[in-house]
Each structure stands twice: as C-alpha cells, then as structure tokens.
1. Based on what the data block shows, is ARG206 closer than 30 Å to LYS269 by Cα, surrounded by fewer than 17 Cβ atoms within 10 Å (Cβ to Cβ) and of a type in the set (Lys, Arg)?
2. Identify, from the list ILE289, ILE337, ILE324, the residue that is aliphatic (A, V, I, L, M), part of a loop (DSSP other than H, G, I, E, B), more than 24 Å from LEU167 (Cβ to Cβ) and modelled with pLDDT of 90 or more.
3. Could you tell me whether ALA124 is within 30 Å of LYS210 (Cα to Cα), buried (at least 20 other Cβ atoms within 10 Å of the Cβ) and among the aliphatic types (A, V, I, L, M)?
4. Of all residues in the range 25-52 being at pLDDT 75 or above and loosely packed, with under 10 Cβ neighbours inside 10 Å, which is farthest from the chain's Cα centre (by Cα)?
5. Quick check: anything in the range 157-165 surrounded by 23 or more Cβ atoms within 10 Å (Cβ to Cβ) and either touching a Phe, Trp or Tyr at 6+ places or on another chain (Cβ under 9 Å) or closer than 30 Å to SER288 by Cα (or both)?
6. What do you reckon, is THR127 in contact with a Lys or Arg (Cβ under 8 Å, 6 or more places away or on another chain) and under 25 Å from GLY149 (Cα atoms)?
7. Please specify each residue of the range 60-76 satisfying the condition of being loosely packed, with under 13 Cβ neighbours inside 10 Å and under 25 Å from the mean Cα position of the chain (by Cα).
8. Could you tell me which of the residues GLY178, GLY174, GLY155, GLY149 is in contact with a strand residue (DSSP E or B) (Cβ under 6 Å, 6 or more places away or on another chain) and of a type in the set (Gly, Ala, Ser)?
Amino acid sequence: MSSSSSDEVDARLDEICDEYVEEIYNDIVETQTIPQRTRQYVERHREGGQDQLWNDYFSEDPTFSTAIFRRRFRMNKNLFLCLVHGLEEYFPFFQQRRDATGRWSLTALQKCTAAIRLLAYGNAADTVDEYLRLAETTALSCLHNFTDGIIQLFGNEYLRRPTPEDLQRLLDIGEKRGFPGMVGSIDCMHWEWKNCPTAWKGQYARGSGKPTIVLEAVASHDLWIWHAFFGPPGTLNDINGLDRSPVFDDILQGRAPRVKYKVNRHTYKLAYYLTDGIYPKWSTFIQSITLPQTPQHDLFAKVQEATRKDVERAFGVLQSRFAIVRNPVKTLNKEKIGKIMRACIILHNMIVEDERDGYSRIDISEFEEGDVMRSSQDELGQCLFSHLTTVFLAEVTASNLKEDKLYLLVGDTSSTALHKQCKETILVNKEGNSWNVSLRFSESGGKYYITRGWRKFCLDNRCEIGDLFAFNVVGDGKTTPLMCVCPERKECSEILSKYLSRTSGESSLGGHS
C-alpha cells in the first residue's frame, strides 16, 4: 500500500511540474515579439544620377570628350542616341513614366547606359549602382530588355543576308585581294559558360575543360559578321558544328545567289569562304596548302592564311568591344545567353557600318567606275540593275510574313516617288492586280517599310518563303506611288496599262491618290 501511494504522489508531482513549465513557456512566447521582415528601401536619388550622366556626356559642354565617350560606350554618340530613341519609341520599358507617388522613373539614357556598361565591361550588375543609381535587379532587367529591343528593332537589318550590292562589293574586294569569288572567311569561337547546369556539363565541356558554347561566324574584311550560328555545345569541333549550321541552307534549297567568276580561264558559279585546315575539302571552302613545296604554293599559303584572319580579327574585336563575351558568362538561362550574343553581334555590325569608312583601306572604285573589268560578279544583280533604275529586291521570309512588314533597304529608297509624308503605296503584280498597303518611315533605322498588306499580297500571289521580287517604284512624288513587279523595264509599261485599265476610268497616274 505504501508503495502504490508513493507512486501516485510522484506522478502527481510530475504533472504539476509539467503544467508549471508549460505555463511559464507560454508566458515567455506570448510576451516575445517576432520582428517582421521588411524589404529595405534605399533612396538612390535617381534624378541626381540622370543629371550627372547628362552633364558628363550629353550636355552642350560635356565633362568628357567624344573620344572618351567612344571608349566607354564602344560607339559614337550619334549611334548611341539613335539606339536610345528607337528603344524609347517602341518599347514601354524604356519610356519614362511616373510611379504611384508621382515621381518620375529612370530615364531611357540611364537604362541604356547601364545595359551598355554591362555588355562593354562584363562586370557584375551592381557595379553601375553608385553612378547610374540602379539596383542590381533593375540593371539586369535593363540588360535583358535592351538585348530584346536591339534584336527586334535592328536584327533584320544588321543580321541580314548580303544584298546584291553587298555581294558585288564583297566579290570586288575579294578580287582585289587576289581571291575572285571569295565572300568572306568562316571559323568558330567558344564562349565559356561558368554556371552551366551540372547535368549538362558533360555535353558542353570537352575533356576536363570548362563548359563552352560555340559561335560559328562568317566575316568580311571590314569585320562585318554576315552569318552567326550560336548555340552548339562546346564538345563539337568545327566540322560537327558545320553539320548543324544553316550556312549552306540557301544552296541546298536553291536560293543561293548566282555568282560567276574566272580563275585560270575556268568559270565557276559558286562563291566560297576561306577556312583553316579542319574544314572539309568542298568547292565552297578554300584552305591553305600544307607544307608548300614551290614558290607559287608558298605565296598562295601566305596570302590565304593572312586573308582568312578576317574572321579571327572579327572575333577579337567583338570580344574587345564587349567584355561580357570574353568573360565566362554567369547566366543560367541559355536563351538569354543567346540573346546577349546576338545583340552584341548586331551592335558590332552597327559600329562597323558607322566607322568602317575610317579604317577600310581597300579601294574598289576602279570596279565601280568601270575602269577595270570584273572577273567575278553577281549575275542576278547585274541582270536586274542593268534594266532598272529605281528598283529594289524584296525577299519573302518567315519573319516579314509573320510581322506583315517589309523593310526597304536604305539605298533603295532614294527614289523621289517616296517621301515621309506619303502614308500609302500600291503594289501591282504582273497581271495588273493591285493591293493597297501602308508605307511608313522608321526614324531609328532611317528606312521605309511597307505594312498592313504585305502578307495578303504574298498569300494572294501564292508566294513561298525564299521567293524574290523586283519592284520598280513609279510616281512623281506628289501622288500615291506604285510598286510594280517587273524584272524587265519593258514589262513595266504593260503592267501599268493593265493596272490603269482596271481602275475606274482613270487614264493617268495623277488620278490615283
């Protein structure tokens, strides 16, 4: 009996102790306050950052000279302002607006400068905070929106196929350098991917090396990059990358430009690229001669190896201008990496176009003036431009069909029939049928484009991707211009008469508005 009563007492004491401890614990927890996590706000005085940036580079009496601007922004001031105005016009992200408190947001100058600095110097995103007053996340957002905008605004123009004028110029330069029929040199470079996912590392790393992504490019003597294929894993060499590359798609689909040139009294009809020894021995590739045995072979090897360095120089200049391409990329998203590379190539070509007159030393004026006969020429361009004066070529592509927009090349819009006040034009096919389309002028790109009707014109005429049209512009600059499909000038009058007979009794161009 005494033993059982003692156990009951112990159990009761344990219960009392547990209740007491629990009560004390609850009192402590209830009286203790949990600090609420709040996002720290940093007042960066972004207006002061804009004023500082404006006074340093863009005021009437800037602190830094144009040479320093060119070194830090990698381009001339006029070109940079063209980019800023184009992005600000077409993309809401770069438009300055008021927030909920009525305070102005960051300006397009600040956002574009932040993006250019990240591309040019390859630094961390928060390095622009002290000067431009942008947080790290905002700077990254500026970078990715900037690359998207550059690709959408300028990609079609500065990543285009060579036009007939471009192709003839490349052929003339190649002939001047001793390689008739040569249109550039091709090679590959690797961009290290630091934060490559572990599951992909074996695919992108060669041996025990670092993961890389391959860029295949074709460049000409002025460092313009005409072809860029980016994305293959770093385990691929130049030959494996060539198997995936679209560089010869035009030849396979029968859309390659018709070129004719003579070498040693033999006529050839396929342009070619200069390459190093790893590429296959195709008629479109010209390699050097390994271990030359004769003076002629030795001279050819030296000239070929010197000339094919164009693409190597283009890679070097691209990495020098945009250090983000030279340094290991830290972005995880491969799609964003591809957009960064593509935007850098577009900017590189824009800079080349803006500055190449100052460093290009190959004179082809003798070919242009007719003092020397060409041995290599673009047959399609010669055929068209020998018959037409105001003519431009239009190619049906998947992108311009999707966007319902066709850009007219800058050199092709010098006709007096086109002017900025003209908002409409009429496309006329060979049967005299007509389509009204809108005509616009892009201030950022400096060129005209037709929209709101281009897709319908292509569908009604059963056009396929890759089809080429030669349009002749007809007009007096006062009335609505006509764009007639006429590969020969003698057909133009016939098309015009068919068109005029289809209109309601009008007998002259002045009757159409």
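1. So ARG206 does not fit the description; no.
2. Answer to the check: ILE289.
3. no
4. So the residue we want is ILE28.
5. The answer is no, given that none of the residues of the range 157-165 is surrounded by 23 or more Cβ atoms within 10 Å (Cβ to Cβ) and either touching a Phe, Trp or Tyr at 6+ places or on another chain (Cβ under 9 Å) or closer than 30 Å to SER288 by Cα (or both).
6. Spelling it out, THR127 is indeed in contact with a Lys or Arg (Cβ under 8 Å, 6 or more places away or on another chain) and under 25 Å from GLY149 (Cα atoms).
7. Within the range 60-76, ARG71 is the sole residue that qualifies.
8. Just a single option satisfies the conditions, and that option is GLY174.
The values are calculated or read from the model by the stated rules, or taken from the named source; none is laboratory data. Owing to the predicted nature of the structure, the values given are computational and were not obtained by experimental measurement. Glycine also receives a Cβ, built like all others from the backbone with ideal geometry; neighbour counts cover every protein chain displayed. Side chains are part of the model used for accessible areas, which takes the heavy atoms of the whole protein and leaves out ligands, DNA and RNA. Shrake-Rupley method; radii C 1.70, N 1.55, O 1.52, S 1.80 Å.
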